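The values are calculated or read from the model by the stated rules, or taken from the named source; none is laboratory data. Not measured: the values here are computed from a predicted model. Positions of Cβ are generated from backbone atoms using ideal geometry, with glycine treated the same way; all protein chains shown enter the neighbour counts. Only protein heavy atoms, including side chains, enter the accessible area calculation; ligands, DNA and RNA are left aside. Shrake-Rupley method; radii C 1.70, N 1.55, O 1.52, S 1.80 Å.
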Amino acid sequence: MEWGADLWDQYDQIDKHTLTGLDLVDRYIKFVKERTEIEQNYAKQLRSLSKKYAKRGSKEEQESKFSNHASLQEILNELNDYAGQRELIAENMTTGICVELNKYLQELKQERKTHLLDAKKAQQVLEGSFKQLESTKKRYAKEWAEAEKATQQAEKIESDLNATKIDVEKAKLHAHNRMHTAEECRNDYAAQLQKYNKEQNAYYYSQIPQIFNKMQDMDERRIRRLAGGYCQFSDIEKNVLPIITKCLDGISAAGMKINEKQDSMLFIEQHKSGFERPADIDFEDYTQGIKPATSDSSLNPPKVRAKLWPFTKKTKVRKSNSLSSIKKKRVTAAPAAEDFSHLPPEQRKKRLQGKIDDITKELQKTQDQSEALEKMKGVYEHSPQMGDPSSLEPQISETAQSIGRLTGELAKYETWLSDAVGGDDSSNAINNNTQHRVVAAHESQGLYSEFDDEFEDIETPVGQCVALYTFEGNSEGTVSVTEGEMLSIMENDKGDGWMRVLRGSGEEGYIPSSYVKHSP
């Protein structure tokens with residue numbers, strides 16, 4: 001079925017239908033464009049979300065060593081890649097559908113305009129021919145009427161007995177001329193009618209059907225192209241589905257990587273102190289009579305219990321709550337010792353072993369560089385044309401100095417590690433720690449790292465002091481004192497802003513050094 005054969009008289013409907021089809025293409029282009037904006041905004045939000053929850057900083061780097069923390073970071077990375085695929089979908093839809101279809105739409109509009117102009121011209125030609133036909137027909141009718149009138153007049157004059165012969169001849173000649181003119185008009189009308197019928201036949205059976213068939217072909221091509229655009233809408237996303245699936249599989253794999261036992265072991269390795277558990281407290285018999293505590297009795301204070309190391313973390317949290325109040329008194333943080341003696345035994349050994357490993361790697365690298373320089377110097381000595389051996393002396397000297405410095409540092413740290421390990425098993429412990437150690441995150445040095453040391457059992461005080469201010473010792477390892485209270489100094493300030501004191505009641509703990517005044 002063809003438009004030219006079946007819709008030859010439906011020009012207005014064809015005009016309206018093809019315009020509706022073009023409007024549909026335009027609507028689809030706008031629909032895809034809005035879809036791409038959604039994809040772009042979605043990808044942007046996904047990237048922002050991934051960036052927001054990504055770990056940054058030293059603390060996060062330490063936490064990322066745990067499998068459950070590391071898995072979340074992998075998930076965020078996969079989500080970032082997933083966002084990239086959504087952006088790719090938006091880009092491909094823009095270029096593959098919006099741009100191409102919009103270009104095709106402009107071509108269709110121009111083609112439709114051309115077909116409609118051709119139909120309009122053909123119609124105008126036919127209408128012009130029809131007007132000419134009507135004109136010749138009217139002239140023929142007019143001339144035929146005049147000829148009949150002239151004929152009737154000649155016959156009347158001829159039958160009139162009073163008319164002269166000249167009048168009769170004149171009337172007949174006039175009627176004959178009129179009849180001749182009418183015959184010519186009749187022939188013109190017949191010729192114009194034949195021409196119009198031919199043009200009309202061509203218009204309805206050839207020109208218009210051809211134009212309408214071309215418009216039908218145009219509309220069907222539009223439909224096929226639009227159908228391809230519909231499928232392309234899905235295919236573009238299907239093309240990136242393998243990568244999206246890979247991202248989703250990566251998220252699942254990140255979840256499967258989590259090992260709770262491994263995380264627990266790593267946490268133990270990071271924070272194991274190595275201290276012995278506190279011994280039982282001896283019973284003190286007060287039935288023999290105890291004198292009230294005085295400033296003199298504080299010279300022989302009772303032995304206090306060592307700090308409970310399992311509660312170190314809790315202690316630090318509580319102490320951090322009073323950070324602002326302590327800062328007001330300008331208490332300084334404890335400096336980190338080079339031999340890591342400020343750390344618990346196990347953590348100290350790990351840090352020392354890590355330092356030894358780093359120095360060993362740097363030393364090996366420097367030694368390799370020294371060997372390369374010596375070889376190059378030998379080549380220059382045998383082949384002077386390749387270079388001047390003396391030009392390498394500064395580098396060789398600098399490398400030798402570096403080797404000496406690194407060797408000295410290595411010996412120093414090995415000595416400290418040997419002391420930390422202790423006993424005849426030091427060398428075996430060092431080797432075992434080097435081969436089988438678990439990489440632990442560096443301990444952050446906070447304001448209260450000085451409390452990580454165990455209280456020493458000092459039997460006699462080293463001095464006396466008076467509290468200038470009231471101090472609330474709410475944190476583990478500290479003791480509360482009141483203004484004007486006499487205290488026994490059990491351990492002087494070692495430069496960290498804290499000192500250990502003994503109260504008359506027998507309580508012992510740390511207080512800020514700036515809170516007291518020494519007594520003579």
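So how many residues does region 254-266 have that are loosely packed, with under 14 Cβ neighbours inside 10 Å and more than 26 Å from residue 84 (Cβ to Cβ)? I'd like the intermediate steps shown before the answer.
Going residue by residue through region 254-266, those that are loosely packed, with under 14 Cβ neighbours inside 10 Å are 255-257, 260-261, 264-265.
If we keep only those that are more than 26 Å from residue 84 (Cβ to Cβ) too, we end up with 260-261, 264-265.
Result for region 254-266: 4.
I'd like to verify a number: residues in region 97-114 that are without any contact (Cβ under 8 Å) to a residue 40 or more places away in the chain and over 39 Å from the mean Cα position of the chain (by Cα), how many?
3
Can you tell me how many residues in region 8-35 are open to solvent by 60 Å² or more (accessible area, probe 1.4 Å), modelled with pLDDT under 95 and in contact with a helix residue (DSSP H, G or I) (Cβ under 9 Å, 6 or more places away or on another chain)?
Qualifying residue count for the region: 3.
Return yes when residue 42 is touching a helix residue (DSSP H, G or I) at 6+ places or on another chain (Cβ under 6 Å), open to solvent by 60 Å² or more (accessible area, probe 1.4 Å) and aromatic (Phe, Trp, Tyr) and no when it is not. Lay out the reasoning, then the answer.
Details: touching a helix residue (DSSP H, G or I) at 6+ places or on another chain (Cβ under 6 Å): yes; open to solvent by 60 Å² or more (accessible area, probe 1.4 Å): yes; aromatic (Phe, Trp, Tyr): yes.
Spelling it out, residue 42 is indeed touching a helix residue (DSSP H, G or I) at 6+ places or on another chain (Cβ under 6 Å), open to solvent by 60 Å² or more (accessible area, probe 1.4 Å) and aromatic (Phe, Trp, Tyr).
Return the total of residues in region 234-293 being out of contact with any helix residue (DSSP H, G or I) (no Cβ under 6 Å at 6 or more places or on another chain), over 30 Å from residue 95 (Cβ atoms) and of a type in the set (A, V, I, L, M).
Here the count works out to 9.
List, please: which pairs have Cβ atoms under 8 Å, are six or more places apart or on different chains, and start with a residue in region 261-290 that is on the phi < 0 side of the Ramachandran plot and assigned to a loop (DSSP other than H, G, I, E, B) and end with one that is open to solvent by less than 80 Å² (accessible area, probe 1.4 Å) and hydrophobic (A, V, I, L, M, F, W, C)?
273/309; 275/309; 278/306; 278/308
With respect to residue 440, is the statement that it is modelled with pLDDT under 75, small (Gly, Ala, Ser) and surrounded by 15 or more Cβ atoms within 10 Å (Cβ to Cβ) true? Even if it seems obvious, please write down each step before you answer.
Numbers: modelled with pLDDT under 75: yes; small (Gly, Ala, Ser): yes; surrounded by 15 or more Cβ atoms within 10 Å (Cβ to Cβ): yes.
In short, yes.
Could you give every pair whose Cβ atoms fall below 7 Å, whose first residue belongs to region 357-384 and is open to solvent by less than 50 Å² (accessible area, probe 1.4 Å), and whose second residue is modelled with pLDDT under 80 and not in a helix (DSSP H, G or I), counting only separations of at least 6 or pairs across chains?
380/387
Looking at (1) modelled with pLDDT of 95 or more; (2) within 30 Å of residue 261 (Cα to Cα), which is the only condition residue 60 fails?
Going through (1) modelled with pLDDT of 95 or more; (2) within 30 Å of residue 261 (Cα to Cα) one by one, residue 60 breaks only (1).
Only one of 65, 103 is over 30 Å from residue 200 (Cα atoms) and outside any helix (DSSP H, G or I); which?
Result: 65 is the single residue among 65, 103 that is over 30 Å from residue 200 (Cα atoms) and outside any helix (DSSP H, G or I).
Inspect all residues belonging to region 233-253 and state whether any of them is touching a Gly at 6+ places or on another chain (Cβ under 8 Å) and under 30 Å from residue 87 (Cβ atoms).
Taking every residue of region 233-253 in turn, at least one turns out to be touching a Gly at 6+ places or on another chain (Cβ under 8 Å) and under 30 Å from residue 87 (Cβ atoms).
Against the conditions (1) closer than 30 Å to residue 242 by Cα; (2) open to solvent by 50 Å² or more (accessible area, probe 1.4 Å), where does residue 82 fall short? Just the number, please.
Among (1) closer than 30 Å to residue 242 by Cα; (2) open to solvent by 50 Å² or more (accessible area, probe 1.4 Å), residue 82 violates only (2).
In this structure, is residue 122 free of Cβ contacts under 8 Å to residues at least 60 places away in the same chain and under 23 Å from residue 5 (Cβ atoms)?
No; evaluated as a whole, the condition is false for this residue.
Checking residue 49 against (1) assigned to a helix (DSSP H, G or I); (2) among the hydrophobic types (A, V, I, L, M, F, W, C); (3) without any contact (Cβ under 8 Å) to a residue 40 or more places away in the chain; (4) over 30 Å from residue 249 (Cβ atoms): exactly one of these is not met. Which one?
(4)
Which pairs turn up if I take residues in region 201-217 that are closer than 13 Å to residue 15 by Cβ and look for partners that are of a type in the set (Asp, Glu) and open to solvent by 20 Å² or more (accessible area, probe 1.4 Å) with beta carbon separation below 6 Å, at least 6 apart in sequence or on another chain?
Cβ pairs passing all conditions: 211/118.
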